Amino acid sequence: MIIEPKMRGFICLTAHPIGCEQNVINQINYVKSKGSISGPKKVLVIGASTGFGLASRITSAFGSEAATIGVFFEKPPVAGKPASPGWYNSAAFEQQAIKAGLYAKSINGDAFSDEIKEKTLDLIKQDLGQIDLVIYSLASPKRVHPKTGVVHSSVLKPIGEQAFTNKTVDFHTGVVSEISISPANEDEIENTVAVMGGEDWEMWIDALTQANLLAPGATTVAYSYIGPSLTEAVYRKGTIGRAKDHLEATAFTIADKLKSIGGHAYVSVNKALVTQASSAIPVIPLYISLLYKVMKENGIHEGCIEQIQRLFANRLYNGQEISTDDKGRIRIDDWEMREDVQDKVAQLWPEATAENLPQIGDLAGYKKDFLNLFGFDVPGVNYTEDVNEMVEIPGLV
């Protein structure tokens, strides 16, 4: 079939298998071009099919020749209907890993569930014995709590008594407009923390520890974001920020539990990037459009793979003590948060309009990155050709 992008709001309903494959190959080639990393050898990535999780799996495998197990929740293809992009990404990754002689297997299902945890533990016992790195990179709007059965849904709202009003952009049309978001109530805050906080990360580490599946000195890393004052009302001081606070506090709890095996737990604060999640957060697309322009002009722009390769090579596995901020977090958002970069973005913010954004920002780069997430607008791919949507993941358990 010929597959084209079909949009509904901030979501693309289709994905292109060849475009996704090329994206994965491009990321692999980048990691290989940077040289080997004296990193982990047996890696579990929870949330492994897109974004930072996929980049972590690629960097582990092709930077450190690690055996990897990826856990994700993706939609497989059916005849005449393409799979979700993470399915195609994972298929492409495994095909390339097999070619390189690397162990790679995947589990598709709800990572919040006890069932998928047990399935993963069984696979580790059977094939790898113990894990020396656990990456936690789940992003989901809902979570069915494995103990209570309660369905928790997250919201993107400010916290406080007043609505938040600021500018945003519809990146499909380029229209800059003002948006107001009503504040969250206590239930919405609690539910967002239940979905996006650290409870599930801790459950995973507890399960691995109890089964003796973590190697001596094992490390676990979860991903977070802080951002500038421009976005803090809707992000860091909003419901998502409250969840990230919980995630970051959980890192200390996990670190204490891992002391007995000489292990470590960290939160890495990463850069703002175009993802399916960030595209749905008001204000963020406009901020990213301006940020990209400034960072590209300064020669310090990074995508997911550049961020994670730098995290592994320069922070986690550089042979030195891992540098953290005063709250124990690894700051790989250091280039985004540089004073000169943020000053310039803050200067451009009030000037941004639908008419001048293509010049003062990088809306074209934003759109391209968004389409790339789904395998579209990838250089070298012929989108007029028939493609086989029925792609299998070789190591799917």
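Of note:
- Near-label residues of region 218-248 by backbone N, under 20 Å of a point 7 Å along Cα→Cβ of Ala163: 231-235, 237-240
- Heavy-atom accessible surface of the chain: percent carbon and sulfur, 1.4 Å: 51
- Met295 accessible area, assembled protein chains, probe 1.4 Å, Å²: 0
- Each 10 Å bin from 0 upward holds the following percent of the Cα-Cα pairs of region 181-245: 19, 38, 25, 14, 3.
- Summary of packing: across the peptides 280-290, 180-190, the per-residue average of other C-beta atoms within 10 Å ranks them, highest first, as 280-290, 180-190.
- Extending 7 Å from the Cα toward the beta-carbon at both Lys32 and Lys147 defines two label points whose distance is 4.6 nm.
- When Rg and the Kirkwood radius Rh are both evaluated on Cα atoms of region 1-99, their ratio Rg/Rh stands at 1.01.
- Length gained on full extension, Ser180 to Glu232: 17.3 nm, using 0.36 nm per residue less the C-alpha separation.
- For Rg/Rh (Cα atoms, Kirkwood Rh), calculated from these coordinates, the label among (i) 1.01; (ii) 0.94; (iii) 1.05: (ii)
- Simple spin-label estimate for Ser323 and Gln126 in nanometres, 7 Å along Cα-Cβ: 4.4
- Restriction of the chymotrypsin sites (Phe, Trp or Tyr not before Pro) in region 217-268 to DSSP coil positions whose beta-carbon has at most 16 other beta-carbons within 10 angstrom yields no sites.
- Largest GNM mean-square fluctuation among Gln342, Gln27, Gln126, using the chain with Cα springs under 10 Å: Gln126.
- Sorted peptide list for 370-380, 53-63, criterion being average Cβ within 10 angstrom, highest first: 53-63, 370-380
- Per-residue ellipticity at 222 nm from helix content only, as computed over the chain with -39500 (n - 2.57) for each DSSP H run of at least four residues, stands at -12000 deg cm²/dmol.
- Here the 3J(HN,Hα) profile of region 369-380, calculated from phi with Karplus coefficients 6.51, -1.76 and 1.60 at θ = phi - 60°, is 4, 5, 5, 4, 4, 10, x, 9, 6, 9, x, x Hz, Gly and Pro shown as x.
- Charged side chains reduced to their Cβ positions (Lys and Arg at +1, Asp and Glu at -1) give region 114-176 a dipole of some 240 debye around its Cα centre.
- Using a Förster distance of 51 Å, the FRET efficiency for Gln359-Asn388 (Cβ separation, nearest 0.05): 0.80
- Cα-centred dipole magnitude for the chain, charges only on beta-carbon of K, R (+1) and D, E (-1), debye, nearest 20: 580
- Comparing mean-square fluctuations of Thr165, Thr148, Thr219 from a GNM of the chain with C-alpha springs under 10 Å, the top value falls on Thr148.
- Lysine-lysine proximity count for region 258-369, Cα under 20 Å, sequence distance 8 or more or distinct chains: 13
- Only Lys, Arg, Asp and Glu carry charge here, each on its Cβ (+1 for the first two, -1 for the last two); on that basis region 188-254 has a dipole of about 240 debye about its Cα centre.
- Scaling the Cα radius of gyration of region 248-324 by the globular reference 2.2 N^0.38 Å produces a ratio of 1.40.
- Total formal charge among the other residues, if their Cβ is under 12 angstrom from that of His246, Lys/Arg +1 and Asp/Glu -1: -4
- Extent along principal axes [Cα atoms of region 314-397; Å; largest to smallest]: 51, 47, 20
- For region 243-397, the Stokes-Einstein estimate of translational diffusion at 4 °C and a viscosity of 1.567 mPa s comes to 70 µm²/s, using the Kirkwood hydrodynamic radius over alpha-carbon pairs.
The values are calculated or read from the model by the stated rules, or taken from the named source; none is laboratory data. These numbers were taken from a predicted model, which means no experiment stands behind them. Methodologically, a virtual Cβ is constructed for each residue, glycine included, from the backbone with ideal geometry; neighbour enumeration extends over all protein chains shown. Heavy atoms of the whole protein, side chains included, go into the accessibility calculation; ligands, DNA and RNA do not. Shrake-Rupley method; radii C 1.70, N 1.55, O 1.52, S 1.80 Å.
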